[in-house]
Amino acid sequence: MSLATSTAQLTARIKLATTVAQRDGARQLRKQVFCGEQGLFNGDDRDQIDTTALTLVAIAGPDGEVIGTVRIHHAGDDIWWGSRLAVACSARRQAAVGSGLIKLAVGAAQALGCRTFLAHVQQQNVPMFEQLHWDPLHDVVMHGRPHSLMRADLSFYPPIHDADIGFTCSRDGA
Ligand SMILES: CC(C)(COP(=O)(O)OP(=O)(O)OC[C@H]1O[C@@H](n2cnc3c(N)ncnc32)[C@H](O)[C@@H]1OP(=O)(O)O)[C@@H](O)C(=O)NCCC(=O)NCCS
């Protein structure tokens, strides 16, 4: 049984993808979520941003199964963006995996000089981002779906200098 379908308590490590297996796992999860589940892209969600973006992952279990991912990229000056946030279906709302990925995304970018961190957030996820101290700037339609351009309040996201090591998250917040 895959970890993403297990009912056992979930503990995940949130970190920079540092191996081919972690990057491949992230690519597969993105395909599963954005092409399969959401139907936002036809067959492949990769784009030009992937040539420069850093991939972050949430891994769990003895085999380091990738159960979450997000990417971050530098857009000039001190502006960074996050995109393609995805958590495996059955790992959602269990161990703060999505929140952990957002925390590492913004913290790692801050450690690299970010002073403005932005994301186009799908409308149904705006309450989650607001809860995590993001401010909506304006609405926009992307890939035919309503999104909100949102900005992270960096005062809630200290810089994270060791993204390659990362941190763990679990249901009890450990
Ligand atoms: C959005 C997503 C990444 C959230 O991942 P997750 O691991 O379930 O998120 P967390 O467990 O960290 O949730 C953090 C908080 O937000 C809440 N939350 C999660 N998804 C939410 C939603 N869609 N709307 C409102 N609140 C939400 C959780 O209940 C939790 O609140 P709590 O701390 O009070 O319990 C995941 O649902 C997903 O991959 N969705 C499909 C792809 C997608 O929509 N990507 C984002 C594009 S912007």
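The values are calculated or read from the model by the stated rules, or taken from the named source; none is laboratory data. Small disclaimer: the values here were computed from a predicted structure and weren't measured. As a convention, Cβ positions derive from the backbone with ideal geometry for all residues, glycine included, and neighbour counts pool all protein chains shown. The accessibility values were calculated without ligands, DNA or RNA, using every heavy atom of the protein model including side chains. Shrake-Rupley method; radii C 1.70, N 1.55, O 1.52, S 1.80 Å.
Out of D63, D50, I need the residue that is charged (D, E, K, R), away from the ligand (no atom under 14 Å from the Cβ), open to solvent by 60 Å² or more (accessible area, probe 1.4 Å) and outside any strand (DSSP E or B). Which one? Break it down stepwise before answering.
Working: D50 fails: open to solvent by 60 Å² or more (accessible area, probe 1.4 Å).
Just one listed residue meets the conditions, D63.
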Scan of segment 25-47 for residues that are aliphatic (A, V, I, L, M), surrounded by 17 or more Cβ atoms within 10 Å (Cβ to Cβ) and within 12 Å of the ligand (Cβ to nearest atom), ordered by number: L29, V33
Residue pairs meeting the criteria (Cβ under 8 Å; at least 6 apart or on separate chains; first in contact (Cβ under 8 Å) with a residue 12 or more places away in the chain, in segment 127-145; second among the acidic types (D, E)): H133/D153; W134/D153; D135/D153; P136/E130
Members of segment 66-87 that are open to solvent by 10 Å² or more (accessible area, probe 1.4 Å) and charged (D, E, K, R): D77, D78, R84
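If you take just the strands (runs of 3 or more DSSP E) that sit entirely in segment 88-174, which of them hold at least 1 residues that are farther than 20 Å from G64 by Cα, more than 9 Å from the ligand (Cβ to nearest atom) and open to solvent by 20 Å² or more (accessible area, probe 1.4 Å)?
Details: elements: 116-122, 134-142, 145-152, 167-170.
In segment 88-174, the matching strands (runs of 3 or more DSSP E) lie at 116-122, 134-142, 145-152.
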Of all residues making up segment 1-24, the number that are modelled with pLDDT of 95 or more, open to solvent by 60 Å² or more (accessible area, probe 1.4 Å) and not in a loop (DSSP other than H, G, I, E, B): 4
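Scan segment 153-174 residue by residue and report those that are farther than 23 Å from Q94 by Cα and without any contact (Cβ under 8 Å) to a residue 60 or more places away in the chain. Reasoning before the result, please.
The initial filter retains those residues of segment 153-174 that are farther than 23 Å from Q94 by Cα, namely 153-155, 158-162, 164.
Within segment 153-174, D153, L154, S155, P158, P159, I160, H161, D162 meet the criteria.
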